[in-house]
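I have placed the structure first, in the form of structure tokens, so that the comments after it can refer back to it.
The values are calculated or read from the model by the stated rules, or taken from the named source; none is laboratory data. Keep in mind that what you see is a predicted model, and the values were worked out from it rather than measured. Cβ atoms come from the backbone with ideal geometry, glycine included; neighbour counts cover every protein chain shown.
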Amino acid sequence: MSVKQQSILVIGESNVGKTHYGAQLLKRLIVGDCALRMAGAASNLKPFEKAMDSLAEGMATEHTPATTYVESVWPIADASGRSGSLIWPDYGGEQVRNLIAQRKVPGQWRDRVLSATDWVLLIRLHTIRSTDDMFSRPIATLGKANAEEAHHQVSDQSKLIELLQMLLYVAGLDRDARRNTPSLTVLLTCWDELGVKGNPQEVMREQLPMLFSFIDSTWREPAVFGLSALEKPLSQNDPDQEYAIRGPEQFGFVILADGTRIEDITVPIQRLLADEDVV
Amino acid sequence: MDSCPHCNCFAPDTTCALGNMELSQCPEWKGAAPEVTTLDTEKDDILLPWTGSALGLTDLSFVTGRAKPIIVGIAGPESAGKTTLLASWYLLLARSLLTDKAWQFGGSFSLEGWEAVASALRWAPGQPPSFPPHTSSRGARAPGLLHVAFRQENEQLRDFLFADAPGEWFQRWAIDANAEDAEGARWIAQHADVLLLAADRQALSGSRLGAARNAFQLLATRVAAERRGRPVALVWTKADVSIAPEMEERIRQAVTSVMPDAAEFSVSIFPEGTGNTGVGFQELFRWILGTRRPSVQLPSAAPSGNDPLFVFGRR
């Protein structure tokens, strides 16, 4: 069996939980009672060292510096013997925000996009603003037109669509047919703070309808999962006793497409390894 | 670095258009010897071929490259609600209410342009929705084009461009087809695949209703003369405003007498009852999606014998 190399492009703005997920994923891989486990030792754990230390004590980790971009390579294997190496990045989310704001893609980002086999888009629905409009909240009479062009805010939904369009363009992918590769996995992070029931696809369709249509019409089989890497909010300086005693690997869950909750947060990534083998 | 002053030459980026191997020997070349370029990390940035704002003629080729998009032109006098129509479509699109599963939103290269158009109809903190600001003409040669793509059930992606044109263009164009400041209206008349004629019910029932009727009749005649068989729809905007039945009949007649196949729609942003999609926007948009460009009819070739190899032989 050939060893697959899964290079994951994690796409997410600041504060969506990239580092927390990375650290929790790594912890599970090392402890090794999940669908995916570490087969050997990771080349470099440094990027997640701090986050893992903080979580072990039950504290949230600090914000990743804006300019940081580090990749670590993890040799992984799943229960059915499929193995591969996972390239997982950690970076400051401002870089993604800058891509959108400055409308240009740095050369390093192009290389990352080109080498990625799978894209994982992290969205924290709690921080997405949705504004009411004339149709969702009608009024009887419209106000007078503003003479000077008022400053308008671009909706978060269209920002995310633009981001994906930019990355698709940079990766040199055409729009003609639905895409199989690179695969797209959407993780709705911090699921615990949403307080919703139901399957993640429906939740996303409801909250980000246009983005959902775009993803559904651009990828053949986009996957949407709900993810809570920490299971409960942690503070940066006040340790959580339960965490410290039971260990961070006992926390976190994933909501599958059918709405069932499982504790194994490696499943969304394990799926990518399995998918690749089928092709 | 200096570039070559010759209009067709892009030296030193390319070789000399006049064929001189050494730039210094070219009579046109005035620049210094090209420096050795160093790879700067900043220069490594990739710029995108679209800006997100409404497309102009220069960046249009990025969209038109894959196939000719369907261009929808909305003709109508000033403040007839042309921009509101576009804004309403975008707001419905943002909530996935505009189209059904058969036409799935497949991206847009002018998202910021759409957002700018739609922002007036959104609730901002402490500010209720208002009419979109007047679309200014600035004497442009072509309207700003808003792009949107839809993927059909058969996986095909179709691009649509909506022209956001100021009303003055059409008013002048209706009176003089060759008017100097109606260049943009001519552009739409020449390139649009679908034409919408906006009839402003508010103006047609207001204090200057006679002038409004006259202007509309002129515009309808002009559109009829220029349409070359393309689909046209009469769109009653501000459908919540009632107008005299006689007036309604006159306007309809102005369109149907010269374009008997014209479709007719009514739109309003004020919902009827408890609906949250306004009135008529979805129906009009689906009609646009359903329009087709006239296709080429190939003459049928009758076989002249039984031998399949010589089916198309001479008679």
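Assorted remarks:
- Extreme residue, surrounded by the most Cβ atoms within 10 Å (Cβ to Cβ), among residues of region A:217-246 that are away from chain B (no Cβ under 14 Å) and under 30 Å from B:ALA102 (Cβ atoms): A:GLY226
- Among the residues of region B:53-86, those identified as on the phi < 0 side of the Ramachandran plot, touching a Ser or Thr at 6+ places or on another chain (Cβ under 7 Å) and within 12 Å of chain A (Cβ to nearest Cβ) are B:SER53, B:THR83.
- B:PRO166, sole failed condition from (1) under 15 Å from B:TRP89 (Cα atoms); (2) in contact with a Pro (Cβ under 9 Å, 6 or more places away or on another chain); (3) within 14 Å of another protein chain (Cβ to nearest Cβ): (1)
- Residues that are closer than 30 Å to A:THR181 by Cα, free of Cβ contacts under 8 Å to residues at least 24 places away in the same chain, assigned to a loop (DSSP other than H, G, I, E, B) and in contact with a helix residue (DSSP H, G or I) (Cβ under 9 Å, 6 or more places away or on another chain) do not occur anywhere in region A:212-227.
- Count of region B:227-280 residues, restricted to those that are under 30 Å from A:SER136 (Cα atoms), small (Gly, Ala, Ser) and away from chain A (no Cβ under 14 Å), is 5.
- If you go through region B:196-232 and keep only what is outside any helix (DSSP H, G or I) and surrounded by fewer than 21 Cβ atoms within 10 Å (Cβ to Cβ), you end up with B:GLN202, B:GLY206, B:SER207, B:ARG208, B:ARG227, B:ARG228, B:GLY229, B:ARG230.
- Once region B:152-166 is narrowed to residues that are among the charged types (D, E, K, R) and at negative phi, the residue that is surrounded by the fewest Cβ atoms within 10 Å (Cβ to Cβ) is B:GLU153.
- Leading residue by the ranking (modelled with the lowest pLDDT) among those in region A:172-194 that are buried (at least 18 other Cβ atoms within 10 Å of the Cβ) and under 19 Å from B:ARG66 (Cβ atoms): A:ARG175
- Set A:GLY22, A:GLY32, A:GLY40, A:GLY81: member being out of contact with any Lys or Arg (no Cβ under 8 Å at 6 or more places or on another chain), touching a residue at least 40 places away in the same chain (Cβ under 8 Å), among the small types (Gly, Ala, Ser) and surrounded by fewer than 19 Cβ atoms within 10 Å (Cβ to Cβ): A:GLY81
- A single member of B:ILE175, B:ILE188 is of a type in the set (Val, Ile, Thr), in contact with a strand residue (DSSP E or B) (Cβ under 7 Å, 6 or more places away or on another chain), more than 21 Å from B:ALA239 (Cβ to Cβ) and touching a residue at least 24 places away in the same chain (Cβ under 8 Å), and it is B:ILE188.
- Test: A:ILE215 is of a type in the set (Val, Ile, Thr) and closer than 28 Å to A:THR61 by Cα: no
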